[in-house]
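Structure provided below as structure tokens; questions to follow.
Every number in this text was worked out from the coordinates using simple rules, so none of it is lab data. Computed from a prediction, not measured in an experiment: that's the story for all the values here. Reconstructed Cβ throughout: ideal geometry from the backbone, glycine too, with neighbour counts over all protein chains shown.
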Amino acid sequence: MSILISNVSKVYGTQYALNNINFEVKKGEIVGFLGPNGAGKSTLMKIITCFIPPTEGDVSVCGFDIWNDSIEVRKRIGYLSENNPLYYDMYIREFLEFIAGVYQIKNSQQRIMEVIEMTRLEIEQHKKIGALSRGYKQRVGLAQALIHDPEVLILDEPTTGLDPNQLVEFRELIRQCGKKKTVLLSTHIMQEVEAMCNRVIIINKGCIIADNSMNELKEKVSSFRKNKPNHELSMEDVFHYLTKG
């Protein structure tokens, strides 16, 4: 199992950001992790990547748990956070060389060229990160997440700022990654989910309210909404129905 979440809760004061979360993700799955703002998505992703600890519960990644093997967990995860923190005064190649050094990657120059090509950064590679458009900054963030060839990719709102052409390229890259890696993808763009994901987990107010394939979710919602058959439902319809109120 690539990711195993067991009875995870996160409490701030008396407020539950996460309340007894349980799910697992297998190798080769691309899972859409959806929810309204403040539902707990980013909190759980930070727990999986060892940025913050849970109040209760256990998480393991590729057989290593976050409590006793946090370094091994981090080695196996590529993480693109929602805010995509980058060093704006560094050049793209310089930044990727720094990240490669952190991971102690052998043949680092070859790997840097590989991720630059994968993320279509060739024409911008000699620029400072601060001079890039938001879309290209997202590509740099994805490149650093991929550089150590992780088994698991955690992507939090990764397509922010990408233009339509870049979106097509990004979706294809994620689909290719999903053939060999586990991908947990958070987004508010439902078309992204329909284009890339083979399973959807929806969280609301700190609790998992759905964990199904898209067809299963549509069938479930269609059974309650007699006025709209399954094939006419969009993921926006499903999301709104399950998270409203």
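How big is the Rg/Rh ratio for the stretch 118-212, C-alpha atoms only, Rh by Kirkwood, two decimals?
That ratio is 0.99, to two decimals.
What 222 nm value per residue comes from the helices of the chain, counting each DSSP H run with n ≥ 4 as -39,500 (n - 2.57) and dividing by all residues, nearest 500 deg cm²/dmol?
About -11000 deg cm²/dmol.
Only Cα pairs within less than 10 Å get springs; with that Gaussian network setup on the chain, which residue of LEU217, LEU184, LEU146 has the largest fluctuation?
Taking springs between Cα atoms under 10 Å, the residue moving most is LEU217.
Would you count, across the stretch 113-245, every pair of lysines whose alpha carbons are under 21 angstrom apart, provided the pair is eight or more residues apart or spans two chains?
Count of close lysine pairs: 11.
Now, a different point. Taking the Cα centre as origin and putting +1 on Lys and Arg beta-carbons and -1 on Asp and Glu beta-carbons, what dipole magnitude results for the stretch 98-137, to the nearest 20 debye?
180
Excluding GLU29 itself, calculate the net charge of residues whose Cβ lies under 14 Å from the Cβ of GLU29, where each Lys or Arg counts +1 and each Asp or Glu counts -1.
+4
Turning to a different aspect of this structure: Based only on Cα atoms, what mean projected area does the convex hull of the chain have, in nm²?
Answer in nm², one decimal: 14.0.
Looking only at the chain, where both bridge partners belong to it, what percent of the DSSP beta bridges are antiparallel (to the nearest 5)?
So the antiparallel bridges in the chain amount to around 55 percent.
Separate question: Eigenvalues of the Cα gyration tensor times 5, then square-rooted: what semi-axes does that give for the stretch 85-149, in whole angstrom, largest first?
For the stretch 85-149, the semi-axes come out at 17, 12, 10 Å.
How much length is gained if the chain between VAL168 and GLU114 is pulled fully straight, taking 0.36 nm per residue apart and subtracting their Cα-Cα distance, in nm to one decimal?
Between VAL168 and GLU114, full extension yields an extra 17.5 nm.
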